[in-house]
């Protein structure tokens, strides 16, 4: 698999399909730009692209598609600011700009030789950056025989990939546990409570497990505490960090975090490599 | 049979066989169908529950909106400590949202035991405190509303 990286000059990619995941989150399927590797956009699970609207700007968005299907470039975007609102307002047929893929992804190669159990912990729109890794784990049962997904969202409406979650729950070999912080009067019959509660409720062998965690930073901190409480070593935990990323190539320095640049050294880090920096508020 | 359940549950680790046998004599197994209430807000709290199987929703009823689920409890969770504290009334409704099997321990009897035996009382209360601590932390996390676009920041703008 040879990956061509579009570093400094954005290329245009046509929007093929837009699907609403929640009131403010959309999954956008772009046609892989024909100029890149013959229309195949190779990436590693956990990597991100700078996605943009011509004339407005660009933002870092994790790739949420299947790495085994490089002809389609899939991102899941939550409209939280001017650029993401413009991106999610784009209609199929129009073009967005793409630069990437950037950064270090999830340890799908390292885990092959090591652990036999995978636990994926996602909070809110932390699930899309993990979905490519989940696809990879599910496609390779011999390498990853035991996979568990723990997913928490604000409320039932904000759950992303609802149809796929149902399929994974009913028809995949992955154990899926979902919880929401607030059920309100929605008629939700699933679990209510924070995602960290789920960690105490699943059985795994802390010496054999590799944990992949993505979500808001406060959720990450509590999740890491819970995993450590269950005996999972920091070298077996991977987290995806988020900062203000602009260039994607560690030149601009916006995303510097201690000795690291999130855009290049991350966004996925092994926890023991960043443990000393994790709780520092000054950086 | 109840003794085996108690032995396996982490809440009862370190209790000696005599204590476990005695507690088991004051247990009963209860089964609930989906939608059935286990207890209701304001009613006398006289039992301590272990969820053996299923799922229970702790709810509060709002006249305008119906039942609002605060938290769900499932396999191996403990439920109900209002029997320990005055006025010994349930603060929420508990409803089975799936077919549920519970182990119920007689609260007034247990209360007498932990008052009479300080060592057992300390062990019991420290376990209950750990669960309360975990649930308090989880509630704080819920209150922060971390997934919203603008997470709750009660101190925002305040000069300290």
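Every read-out reported here was derived from the displayed coordinates using simple, explicitly stated rules and does not represent laboratory data. What you see is a predicted model; the values in this text were computed from it and never measured. Note that each Cβ is placed from the backbone with ideal geometry, even for glycine, and that neighbours are counted across all protein chains shown.
Structure values in brief
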| item | result |
| --- | --- |
| Per-residue mean of C-beta atoms belonging to partner chains within 10 Å, peptide B:58-69 | 3 |
| Global form of segment A:197-283, assessed from the alpha-carbon gyration tensor, a/c cut-off 1.5 | prolate |
| Rounded, prolate or oblate (a/c below 1.5 giving rounded, otherwise prolate when a/b exceeds b/c) for segment A:110-240 by Cα gyration tensor | oblate |
| Peptide-level mean, for B:70-77, of C-beta atoms on other protein chains within 10 Å | 5 |
| B:111, B:91 arranged by Cβ crowding within 10 Å, fewest neighbours leading | B:91, B:111 |
| Highest-fluctuation residue, B:121, B:66, B:42 considered, GNM on chain B with Cα pairs under 10 Å | B:66 |
| Binned Cα-Cα distances of the protein assembly as shown, short to long, each 10 Å bin given as a whole percent | 4, 19, 27, 24, 15, 8, 3, 0 |
| Label point at residue B:33 placed 7 Å out along Cα→Cβ; residues across segment B:47-66 whose backbone nitrogen lies under 18 Å | B:54-57 |
| Cut-off 16 Å, label 7 Å out along Cα→Cβ of residue A:217, residues of segment A:229-246 by amide N | A:239-246 |
| Helix axis angle, A:127-139 relative to chain A longest principal axis, alpha carbon, degrees | 70 degrees |
| Three-way shape call for segment A:146-210 based on the alpha-carbon gyration tensor, with the a/c threshold at 1.5 | oblate |
| Rg/Rg_ref, segment B:2-144, where Rg_ref = 2.2 N^0.38 Å and atoms are Cα | 1.06 |
| Estimated inter-spin distance, residue A:69 and residue A:109, nm [label 7 Å along Cα→Cβ] | 2.5 nm |
| Average partner coverage of A:197-203, which counts Cβ from other chains inside 10 Å | 3 |
| Residues A:271, B:122 arranged by fewest to most Cβ contacts within 10 Å | B:122, A:271 |
| Label-point separation, residue A:139 to residue A:276 (7 Å along Cα→Cβ), nm | 3.8 nm |
| Set of segment B:1-40 residues, backbone N closer than 16 Å to the point 7 Å along the Cα-Cβ line of residue B:119 | B:13-22 |
| Protection proxy ranking of A:47-53, B:69-75, A:160-166 - average other beta-carbon atoms within 10 Å, highest first | A:47-53, B:69-75, A:160-166 |
| Principal-axis tilt of helix B:118-144 within chain B, Cα atoms, nearest 10 degrees | 20 degrees |
| Folded to 0 to 90 degrees: helix A:162-171 orientation relative to chain A principal axis, Cα | 50 degrees |
| Calculated FRET value between residue B:112 and residue A:244, using beta carbons and R₀ = 56 Å, to 0.05 | 0.40 |
| Pairwise FRET efficiency - residue A:85 versus residue B:86, Cβ, R0 = 60 Å, nearest 0.05 | 0.65 |
| Sites residue B:22 and residue B:43 - FRET efficiency at Förster radius 30 Å, r taken between beta-carbons, to 0.05 | 0.65 |
| Residue order, fewest to most beta carbons within 10 Å, for B:93, A:276 | A:276, B:93 |
